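What follows is a single structure, written as structure tokens, with notes after it.
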Amino acid sequence: MEKANLGRKPDLICIGAQKSGTTWLHDVLSERPDIWVPPFKELHFFDHKFNNENKAWTGWHVRKGVQIAKSRYLKENMSPDPKYIKYLDSILEKPMFNGTWYKRIFSQAPINSICLDVTPAYSCISEKGVSFVSNFLKEAKFIYIIRPPFERALSQLRMDITRRGTPLSKGEWVERATMPILFTRGDYKLNIPRWSAHFDQKRLLFLPFHGIIKEPYQFLKQVEQFAGLLPFEGYTKATKKIHKSEQITFPTYVLDIIREKTLEQDQFIKWYFGSDYLNE
């Protein structure tokens, strides 16, 4: 199968939001024979360039992704292709996070395939960053999954606690519940107008998160129609929960803090999309 050996740019990008079903979408779409996904999820190309805070860990994320991808490939292939191993190693060659590097990642994709990049951090890049995206990707289409702000922030806090441990005092609970990153990742009021100013509805699709839970196949049908994909009957992961979060009991005051801090976002969503959008 002929491949774009010199590299290419992605055709379809899911830009967010974090904790809004992006892993589910990545894993489900990767089942399609006409979609090519990189060796690991979340390339962080655009946010590395336009979010200085992310530069502290994006390199680590890529190295970890390549390591896992290589281990998985060697485990699944008794006679591994040296060219593919060389390709994986090339992702770690410096300089990283420039245009040549980004296009090289997609060099293994068959020419007629749709290349997918799922990186939810993209939704939060600056105005300058979104402008760069619009100039760098002249034809790509973008998907932005919108989850209820309170629910999304709580899910992110749950993930943080799973990784770093349960707070041991009220002061620590309050500190964790007021982390700026908990709310910047779901700053729809800032991010939606910023992206909409550069991309019209033919290139930017907003989808409500609850559609994944209520009607996953209808959700995928909308994605297919938007991306110009033929209907596909081979989805096996559409009804599977990808990330089952650990059950955590939150103090009432923590819930109150997050509810108050996400109220403005909730009001914006209802104003922008309609009062019933978050329940769809």
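Just so you know, all these numbers are worked out from the coordinates, no wet-lab data involved. Small disclaimer: the values here were computed from a predicted structure and weren't measured. Here the Cβ positions follow ideal geometry from the backbone for every residue, glycine too, while neighbour counts run over all protein chains shown.
Data table
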item	result
Candidates per trypsin sites (Lys or Arg not before Pro) in the range 105-167, loop by DSSP, up to 16 other Cβ within 10 Å	LYS138
Cα gyration tensor category, rounded, prolate or oblate, for the range 68-211 with a/c compared to 1.5	oblate
PHE232 versus ARG164: modelled label distance in nm, points set 7 Å from Cα along the beta carbon direction	3.6
Amide proton proximity set for LEU204, modelled H, under 5 Å, gap of 5+	PHE142
Straight-distance crosslink candidates among lysines, where the alpha carbon sits under 21 Å from LYS261 and sequence neighbours closer than 8 are dropped	LYS19, LYS170, LYS189, LYS270
The chain: relative contact order in percent, alpha carbon pairs under 8 Å with at least 6 residues between	30
Cα gyration tensor shape for the range 175-224, rounded if a/c is under 1.5, else prolate or oblate	oblate
Base-10 log of normalised Debye intensity for the range 154-280 (one unit scatterer per alpha-carbon) at q = 0.10, 0.14, 0.16 Å⁻¹	-0.45, -0.84, -1.02
Sites MET78 and LYS240, calculated FRET efficiency, Cβ-Cβ separation with R0 25 Å, nearest 0.05	0.35
For the range 108-119, Karplus couplings with θ = phi - 60° (6.51, -1.76, 1.60), whole Hz, Gly/Pro x	8, 6, x, 4, 8, 7, 9, 8, 10, 10, 10, 9
Distance in nm between pseudo-label sites at ILE68 and TYR277 (7 Å out along the Cβ direction from Cα)	3.1
Modelled FRET efficiency - R0 25 Å, TYR253 with ILE181, Cβ distances, 0.05 increments	0.80
Rounded if a/c under 1.5, otherwise prolate or oblate - the range 102-179, Cα gyration tensor axes	prolate
Segment PHE136-LYS214, length gained on full extension (0.36 nm per residue, minus Cα span)	24.5 nm
Alpha carbon Rg of the range 1-156, scaled by the compact-globule rule 2.2 N^0.38 Å	1.04
Mean Cβ count within 10 Å, highest first, over the residues of peptides 20-31, 37-48, 173-184	37-48, 20-31, 173-184
Other-chain or far-sequence residues with amide H under 5 Å of ILE35's (modelled H)	ILE114
For ALA109, distant residues with modelled amide H under 5 Å away	ALA4
Whole-Hz couplings from phi, Karplus 6.51/-1.76/1.60, listed for the range 82-88; x for Gly and Pro	x, 5, 6, 4, 4, 4, 4
Per-residue ³J(HN,Hα) for the range 203-215, Karplus 6.51 cos²θ - 1.76 cosθ + 1.60, θ = phi - 60°, Hz, x for Gly and Pro	10, 10, 10, 9, 10, x, 4, 5, x, 5, 7, 7, 9
Pairwise Cα inverse-distance average, inverted: Kirkwood Rh of the chain (Å)	20.0
